[in-house]
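Report on the following structure.
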Amino acid sequence: MHLEELRYPIDDLRGVGPAAKADLAKLGITRVRDFLLHAPRSYEDRTMVANIGQAIATHAEKRWVNTLATVCSHEHFGNGPRKTLKIVIEDGTGHASLICFNRDFLEHSLSIGKTVLVCGFAEYRFAELQLTAFEVAAPSQEPKFRRILPLYPLAGKLQQGFFRNAMLHALSNYTPGLNDFLPTGLCLKHSFPDRKQALTMLHVPQTMLETDTATKRMVYEELFLLQIQLARATIDRKGPLAFKTGSADEHAIQEGIQSFPKRLSELSRRLIQSLPFALTSGQIAAVMEIYSDFDAPYTMSRLLQGDVGCGKTLVALIAACEAMSRGYQAVIMVPTVLLARQHAQRAATLLEPLGITVAMVAGAMSSSSRSPLHDAIAGGTAQLIIGTHGLFSPAMRYHKLGLVIIDEQHRFGVSQRQALYEKASHPHLLMMSATPIPQTLALTSFGDMDISTVTTMPGGRLPVETHLARMGNEQKVYDWIHKELKKGRQAYFVYPLVAENGEATDAARELKSAESMAESLSRLFPDYKVALIHARLSDEHKEAVMHSFTSGETAILVATSVVEVGVDVPNASCMVVEHAERFGLASLHQLRGRVGRGNVQSFCFFVYTEPLSEDGKERILALKATNDGFALAEKDLAIRGPGDMKGFQQSGFIRLRFAHVIRDLDIMHQARSDAIEILSTDPTLALPEHQELHGLLEIIRRDEDAGTR
Ligand code: ADP
Ligand code: MG
């Protein structure tokens, strides 16, 4: 029996009634297996003995006391009708006071002269050692009293005692005969206890060392399970040699760069020749990696990541050319209609002279609206199709879809991506991300994909200069923009809100909005055309505004974060973000990436409102300190810290209870290499020592199909 098979509802467990059941549900515990995997957040080590004298001599705010003491006297202190009981004890090394808030009953149970076991954290106050939270027990209870107690995360009316008791039942009723899925070889290699032992050590530890050992094993097993599933998905896609070829391709890529672009199709070569610039080495390497996937016997599943402005769109277009010259259609899915239009226009300009028909799909297509566009896509006359998620509405029919490209993939929800995976089970898949994926996440959410990283920037670019300004000093920023506009440049002004809204708080009322600032800026810059863009405008309206900005007629574009993704206007060299503290780090970096696309010096101003939170300050200082999107992505994770990790922890294949994707990165690497090693020798997990592992993976898969995980 595997732990994962303990699907009994939690009230199967003795002592769990309806009230406890409801409270446990708040902790995500609905089944017996969840209960056994409920990790203590820490432990109280009552095996550690400390007498009063030692506690007095300790120089810490909280001093641990765990001693056998005699009650000396009872006192009452405080004003008013409710006095507080104070019990003075001594143990031969000194005196201490037990302050008994709302525990008057202790006056009877701790009568003068009685000897008791006492433990708790004391503070030295009013020239005496005082304990306010303490436990007492009769000396005969010593073995039960002096042990290591787990402290569990609680919810509702649940108490620690409930967990400790119920856990004993759960361990004795459900874990005998529990299987271990970790191969013995791995347990030996890492000196891990088996699964059943680990659970016992976790919930009923004999020593603190055991809690450590058990936790390490639980963290590892979780990450190992994750990595083995990712590795198996990779093998399913690429075949048993998946990991044998993997990194050895480096050499092939070097050779590829030498012979580039000879190996590409004629279509791609003509596209490259038509460009007014040369590809960067990072773009070439990415193209070669994609190219070798096309020639491999497996379906591509690749993440193309690179900082804003590194030129991913062009890599995508060349990939599309490779697919099209092999007789397939290619689609590019983007998160906004604005971006779809921009991409479609650029693709048409570049590819229509080469005889390619580009189509654009805006919004969802219904089956009733049979249109020439529909027919062109279904019939195969449209070869490159660009659009939003409507590309995958049920009514869409393709002639021969060979490549799916998802731009700005982070903008799509997990479910949208999932739907796409399903539609795209046969075509090659290329996902592009301008928010660099930190290594930690690359190993989880994208662990079954290949990753191409473009680290080069097109030449001749000057790094964007970033300035910070406090709200109130923004006039200086406006003056600076004025100078740039005079040189013929253009500027973005970005605000967190479209319009003044009814938000009740004072802070919200003082927020500048895009609508009101569009008016103010028109007055401040009377010689320049100011336009407003945000998500609530109609598509036609947005298109007209963007056209006017791209053509240079509009000098100032006032926007919300709609311009965050993809928009590419090289002559726009200034970005002003007001109320910058209201945006996330990744968004601010994306916004900054809208400028610095031409060969003139660009500027970015983050105007922030005081007082800044600690996190807000860190974010803005990090942005000032570096333009490197990879460094910022790591920083972002670090600032957000464990509290904000839930989304990540639960994306990917399993819910992580013990492991923490940042803290346990080393273990994740170890688990990954162990998983790959096992699968390289035994890809189908057919060997006897992998039988349990194989069995468990089957169980997990069935559970996933049934949606019970
Ligand atoms: P991103 O990677 O953020 O999607 P884009 O694909 O929008 O970046 O490219 C940013 C800008 O750089 C575009 O104007 C594009 O035409 C230009 N560009 C792309 N590749 C090169 C290159 N090799 N040399 C010069 N400019 C390039
Ligand atoms: Mg882009």
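So here's what we get for this one:
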quantity	calculated
For the stretch 74-83, 3J(HN,Hα) per residue [Karplus equation, 6.51 cos²θ - 1.76 cosθ + 1.60, θ = phi - 60°, Hz, x = Gly/Pro]	10, 9, 10, 9, x, 9, x, x, 9, 8
Loop-resident sites, the stretch 1-79, for trypsin sites (Lys or Arg not before Pro), counting at most 15 other Cβ within 10 Å (DSSP)	ARG7, ARG14, ARG41, LYS62
THR554 long-range amide H proximity, modeled H, under 5 Å	PHE549
GluC sites (Glu not before Pro) within the stretch 538-604: DSSP coil, no more than 12 neighbouring Cβ in 10 Å	GLU553
Solvent-accessible area, 1.4 Å probe, carbon plus sulfur percent, for the chain	53
Angle in degrees between helix 665-681 and the longest Cα principal axis of the chain, rounded to the nearest 10	70
Accessible area of LEU314 in the full protein assembly, 1.4 Å probe (Å², nearest 10)	20
Around ILE667: net Lys/Arg minus Asp/Glu count, Cβ-Cβ under 11 Å	-1
The stretch 138-175: trypsin sites (Lys or Arg not before Pro) in DSSP coil with no more than 12 other Cβ atoms inside 10 Å	LYS157
Rounded to 5, percent antiparallel among DSSP beta bridges of the chain	40
Sum of -39500 (n - 2.57) over DSSP H runs of 4+, divided by residues of the chain (222 nm, nearest 500)	-12000 deg cm²/dmol
The stretch 514-534 and the stretch 541-562: distance between their alpha carbon centers, rounded to Å	11
For MET431, residues with placed amide H under 5 Å, excluding near neighbours	ARG302, LEU303, LEU304, ILE406
Chymotrypsin sites (Phe, Trp or Tyr not before Pro), loop per DSSP, at most 11 other Cβ atoms within 10 Å - longest free stretch of the chain	278-709
Label-point separation, LYS262 to SER281 (7 Å along Cα→Cβ), nm	2.0
For the stretch 299-392: rounded, prolate or oblate by the Cα gyration tensor [a/c cutoff 1.5]	prolate
Long-range amide H partners of PHE493 with built H, under 5 Å	LEU557, VAL558, ALA559, VAL576
In order through the stretch 380-391: 3J(HN,Hα) via Karplus (6.51 cos²θ - 1.76 cosθ + 1.60), integer Hz, x for Gly, Pro	x, 6, 7, 9, 10, 10, 10, x, 9, 4, x, 4
For the stretch 171-176, 3J(HN,Hα) per residue [Karplus equation, 6.51 cos²θ - 1.76 cosθ + 1.60, θ = phi - 60°, Hz, x = Gly/Pro]	5, 7, 8, 10, 8, x
Relative contact order computed over the chain (Cα-Cα under 8 Å; 6+ residues apart), in percent	13
Accessible area per residue, Å², the chain with all protein chains present, probe 1.4 Å	45
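The values are calculated or read from the model by the stated rules, or taken from the named source; none is laboratory data. Not measured: the values here are computed from a predicted model. As a convention, Cβ positions derive from the backbone with ideal geometry for all residues, glycine included, and neighbour counts pool all protein chains shown. Calculation scope for accessible area: heavy atoms of the full protein, side chains included, ligands and nucleic acids excluded. Shrake-Rupley method; radii C 1.70, N 1.55, O 1.52, S 1.80 Å.
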